[in-house]
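Taking it in order: structure first as structure tokens, then the write-up.
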Amino acid sequence: MKRNLYIALGDSITAGYGAPHPHATFVYQVSQFAHEQRLADHTMIIAQNGWTSGDLWKAVNVIGEAIWNQTNMITLMTGGNDLRRLLRRFYLPVSGPVITPSVIDRVSAEFTYNMDLLCNFIHKRNVPYVIVTTVYNPIPHFPIAVAAFDRLNTVIRMLAEDYRFTVSDVFAAF
């Protein structure tokens, strides 16, 4: 069976949340590129606004092997919501525990665990083209947020290198 499917895995950006037009979405742009390069004729989006890396891991596990066998290209964009849920009190009046380095350590460890599960799962399916994206920091003026998002992006780059996936530095674009 020919591999001709592009699967977009992720959260709100992958789902197209906030895009002014369907043709302005990240997935649409990548899908057009994949079609022009003859990498994929079809696109499947596995994404939802608000999903964490754990939510995405659960979703990936219900996709049947027949779909994976048709997959030629994947984009993986996750992690932002793992930290945004924790850091939301910087821009929303939300109560909760004080953000300490140990709390960020816990969130980072959970993200690292889930991201490694996702990368390993994808790697085992021998998908020829895998692009993993970094995440951007929506609150760049808070040092604790800068450090936390830098940490996630370091994990993303490290795992992408370990699994020999391509990295797209979305963080730099923002």
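The values are calculated or read from the model by the stated rules, or taken from the named source; none is laboratory data. Only a predicted model underlies this, so the values are computations on that prediction, with no experimental measurement involved. Methodologically, a virtual Cβ is constructed for each residue, glycine included, from the backbone with ideal geometry; neighbour enumeration extends over all protein chains shown. With ligands, DNA and RNA removed, areas are computed over all heavy atoms of the protein, side chains included. Shrake-Rupley method; radii C 1.70, N 1.55, O 1.52, S 1.80 Å.
Dipole orientation for the chain: of the candidates Phe142, His42, Leu152, His42 has the Cα lying most toward the positive pole (charges on Cβ; Lys, Arg +1; Asp, Glu -1). For the chain, what does -39500 (n - 2.57) per DSSP helix run (n ≥ 4), summed and divided by total residues, give at 222 nm, in deg cm²/dmol to the nearest 500? One gets -15000 deg cm²/dmol as the mean residue ellipticity at 222 nm. How large is the accessible surface of Thr112 in square angstrom, using a 1.4 angstrom probe and rounding to the nearest 10? Estimated to the nearest 10 Å², Thr112 gives 40 Å². All alpha carbon pair distances within the chain were sorted into 10 Å bins beginning at 0; the resulting P(r) in whole percents reads 10, 39, 35, 13, 3, 0. Ligands, DNA and RNA excluded, the heavy atoms of Glu110 present near 90 Å² of accessible surface to a 1.4 Å solvent probe. For Met44, the amide hydrogen comes within under 5 Å of the amide hydrogens of Tyr6, Ile7, Ala8, counting only partners 5 or more places away or on other chains and with H modelled in the peptide plane. Assuming a ≥ b ≥ c are the square roots of the Cα gyration tensor eigenvalues, decide whether the range 98-174 counts as rounded (a/c under 1.5), prolate (otherwise, with a/b larger than b/c) or oblate. Taking the square roots of the gyration eigenvalues as a ≥ b ≥ c, the range 98-174 is oblate. Charged side chains reduced to their Cβ positions (Lys and Arg at +1, Asp and Glu at -1) give the chain a dipole of some 140 debye around its Cα centre.
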